[in-house]
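One structure below.
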Amino acid sequence: MKCLLVSAALSLVLMPVIAGAACTAASQVTGATTLSNLLANKTLCALRGADRWQEFHQAGGALIDYKKGPSDPVDPTKQVGTWTVTGNGSGTQVRYNYGQGASYTYKVHTIVQDTSYSLCSGAEDLVVSMRAGQGPC
């Protein structure tokens, strides 16, 4: 996840990678409370190449991979890490920690107010969608 486009639409369509499309200072979501409220209790649906994931941002910081659902005997839903929001102003960012040194930090940018967002780190832009609550994408 280098840059995440987030869509709140009920019918979710994963979009292709758009390099640097939304990562401008003018579009950044600022303020730790604002960003926390935006991400809390939402599932982010991502696609990069052949990799696909759907991570629920539980209020309080647990990051839960939905996988094939909580009752699947082979690949059940489970916590894979944590998420935290830090900073203010242009320094506001979300940090994902997957343990054993695997962590990623992103700034969030609005693409279309209330429907599309982008989490940016460096020059990469990964496009995803977002849905309210925990569930499959």
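The values are calculated or read from the model by the stated rules, or taken from the named source; none is laboratory data. In this text the structure is predicted, and so the values were computed from the model without any measurement. Here the Cβ is made from the backbone with ideal geometry for all residues, glycine too, and neighbour counts use every protein chain on show.
Below are the figures for this structure:
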quantity: Residue that is farthest from ASN41 (Cα to Cα) [pool: residues in the stretch 65-77 that are among the hydroxyl-bearing types (Ser, Thr, Tyr) and surrounded by 11 or more Cβ atoms within 10 Å (Cβ to Cβ)]; calculated: THR77
quantity: Any hit, the stretch 43-64, residues being at pLDDT below 90, in a loop (DSSP other than H, G, I, E, B), surrounded by 18 or more Cβ atoms within 10 Å (Cβ to Cβ) and of a type outside the set (S, T, N, Q); calculated: no
quantity: Index of the failed condition, LEU35 passing every other in (1) of a type in the set (A, V, I, L, M, F, W, C); (2) assigned to a strand (DSSP E or B); (3) in contact with a Ser or Thr (Cβ under 7 Å, 6 or more places away or on another chain); calculated: (2)
quantity: Residue list for the stretch 24-51, restricted to those being of a type in the set (Lys, Arg) and closer than 18 Å to ALA102 by Cβ; calculated: ARG48
quantity: Leading residue by the ranking (nearest to the chain's Cα centre (by Cα)) among those in the stretch 97-137 that are at pLDDT 85 or above and hydroxyl-bearing (Ser, Thr, Tyr); calculated: TYR106
